[in-house]
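What follows is one structure encoded as C-alpha cells, with my remarks underneath.
The values are calculated or read from the model by the stated rules, or taken from the named source; none is laboratory data. Note that this is a predicted model, so its numbers are computed, not measured. Cβ placement follows ideal geometry from the backbone for every residue including glycine, while neighbour counts extend to all protein chains displayed.
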Amino acid sequence: MPTRKPVLPWWAAGLLLGLVMTLAVAVKKPLGVSTQFVVANGIVLNKVAPDQVANHPVLAAEKYQKPGFGWWFDIGLILGAAATALLVGKWRPRTTCAWSRANGGTRRRLLLAAIGGVLILFGSRMGHGCTSGQFASGWAQLSVSALPFTIGLFGVGMLAARWFYPKVPTQEADNL
C-alpha cells in the first residue's frame, strides 16, 4: 500500500512553521482564530439587538464590532491550505479514514468532530482566549502558559482519541 511522501522533512516543516509564526507575531502581536466568531456574533447581534450589544461587557468593545486583521488571517489560513494542497498535488477532500471506518463510520466521525469543535471553541471563549492563539502564538512568544496548555491539549486529545477510536484499523496507510 503506497504512503504519502512529505514535501519537506518534519524538522524543516516545523522550523519553517515556527519562523512564519514568529514573524506573524512580530508584525501583528498575538494571533487568534476563534476571536472571529465573537466578532461575527457582535456584528450580527448589533443589527438585531443593538441595545444588548451596547451593554454587553465584551461585545460593546469596538474591536468586536467590525472585521479587521483577524478576518484576513482566517481567510488566509483557508486559502493558503487549499493553495498548498493544489500546488503539491495532494488535494483530496474526504470525510473518512481507516480509523473512522474501524470505529463507527463517517457519520459518527463527522458528529464527533462537530461536537469537539464546538467544545474547544466554547472552552476557549469561556476563558477569554483562543486555542490557536495560546498554542501557536504562545510558543512564538515563549509564553509560560503555553507549556501547560500544550500538554493538556495533546494529553486530552490522546485520551479522547483512545476513547472514541478504541479499535485499531487493519490498514493505516489508506491509499494516501
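So PRO2 fits all but one of (1) at pLDDT below 80; (2) within 23 Å of ALA146 (Cβ to Cβ); what number is the exception? Only one criterion in (1) at pLDDT below 80; (2) within 23 Å of ALA146 (Cβ to Cβ) is unmet by PRO2, namely (2).
Results for (1) in contact with a Leu (Cβ under 6 Å, 6 or more places away or on another chain); (2) of a type in the set (A, V, I, L, M, F, W, C); (3) in a loop (DSSP other than H, G, I, E, B); (4) without any contact (Cβ under 8 Å) to a residue 24 or more places away in the chain, shown as yes or no for each residue.
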residue: LYS63; (1), (2), (3), (4): no, no, no, no
residue: ILE75; (1), (2), (3), (4): no, yes, no, yes
residue: LEU79; (1), (2), (3), (4): no, yes, no, yes
residue: GLY89; (1), (2), (3), (4): no, no, yes, yes
residue: ARG94; (1), (2), (3), (4): no, no, yes, yes
residue: TRP99; (1), (2), (3), (4): no, yes, no, no
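Determine whether ALA114 is of a type in the set (A, V, I, L, M, F, W, C), more than 27 Å from LYS5 (Cα to Cα) and either more than 13 Å from the chain's Cα centre (by Cα) or in a helix (DSSP H, G or I) (or both). Spelling it out, ALA114 is indeed of a type in the set (A, V, I, L, M, F, W, C), more than 27 Å from LYS5 (Cα to Cα) and either more than 13 Å from the chain's Cα centre (by Cα) or in a helix (DSSP H, G or I) (or both). Inside the stretch 15-51, residues that are part of a helix (DSSP H, G or I) and under 15 Å from GLY138 (Cβ atoms) make up a count of 9. Give all pairs with beta carbons closer than 9 Å in which a residue from the stretch 12-30 that is buried (at least 16 other Cβ atoms within 10 Å of the Cβ) meets a residue that is hydroxyl-bearing (Ser, Thr, Tyr) and part of a helix (DSSP H, G or I); count only pairs at least 6 apart in sequence or on separate chains. As it stands, the answer is MET21/SER137; ALA24/SER137; VAL25/SER137; PRO30/SER137, since those pairs meet every condition given.
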